[in-house]
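Written below as structure tokens is the structure these notes are about.
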Amino acid sequence: NKKILGIVPKMHLSNYREFNDGRSYKSGLEYLNKHINVNILGFIVPFGMLLFKNDIASFGVEICEDLWQNYAPHIDLYNEGANIIFNLSSSTFSVGKSRRRVALCENASFLGSGAYVYTSTGITETTSDVFMAGHMIATECGEILLNHEALNDEEVCKYVDIDLTKIQTSKLV
């Protein structure tokens, strides 16, 4: 309905190899278990680690590096009732890294008894000497629904069906 529902900050900054997030950004860790209200574009919206809900599902959001941490935001979000976690990322391509991303998504969705949907920017979305993987992953209760790495400049749109009944049932066990 053309309304901003909330803003989720990146909790963990990447400051190694080709990444230097700390130069331009501030970590959102102080909002890991709380939120404040902010004014953006005339809307007063919550800012922090948020659980978005409606009558059908509930979901949380992580940003890139958050997935790679020992204590990632998705752990609390799943425990608070999230069915789905979305991860918006800018992950670079390197040999073997795609398998590690898939394993992290599988593990998160298995342990959280939910779905984990990950998408990374593609190779055309960089201004440096590295290129982004364009990796898209969707897992449900530890099972891979989608694993697509786009190492070309073609526009790609993928769809998956997430079985919310299966997720809700697995949370009862």
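The values are calculated or read from the model by the stated rules, or taken from the named source; none is laboratory data. Keep in mind it's a predicted model, so treat the numbers as computed, not measured. Glycine also receives a Cβ, built like all others from the backbone with ideal geometry; neighbour counts cover every protein chain displayed. All accessible areas refer to the heavy atoms of the entire protein, side chains included, with ligands and DNA or RNA removed. Shrake-Rupley method; radii C 1.70, N 1.55, O 1.52, S 1.80 Å.
Quick look at the numbers
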| read-out | value |
| --- | --- |
| Wholly enclosed strands (runs of 3 or more DSSP E) of region 46-108 bearing at least 1 residues over 11 Å from the mean Cα position of the chain (by Cα) | 51-53, 58-63 |
| Close pairs (6 angstrom Cβ cut-off, 6 or more residues apart or separate chains): without any contact (Cβ under 8 Å) to a residue 24 or more places away in the chain in region 29-42, of a type in the set (Gly, Ala, Ser) and in a strand (DSSP E or B) anywhere | 31/48; 34/48 |
| Pick from region 113-127, criterion at pLDDT 95 or above and open to solvent by 10 Å² or more (accessible area, probe 1.4 Å), ranking: farthest from residue 82 (Cα to Cα) | 117 |
| Search result, residues across region 12-54 that are closer than 23 Å to residue 80 by Cα, open to solvent by 90 Å² or more (accessible area, probe 1.4 Å) and either at pLDDT 90 or above or of a type outside the set (D, E, K, R) (or both) | 33, 35, 37, 53, 54 |
| Members of region 73-96 found to be modelled with pLDDT of 90 or more, buried (at least 22 other Cβ atoms within 10 Å of the Cβ) and either under 22 Å from residue 121 (Cβ atoms) or of a type in the set (A, V, I, L, M) (or both), listed by number | 73, 74, 77, 82, 84, 85, 87 |
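For (1) under 18 Å from residue 146 (Cα atoms); (2) without any contact (Cβ under 8 Å) to a residue 60 or more places away in the chain; (3) of a type in the set (Lys, Arg), each residue gets a yes or a no:
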position	(1), (2), (3)
65	no, yes, no
97	yes, yes, yes
100	yes, yes, yes
108	yes, yes, no
114	yes, yes, no
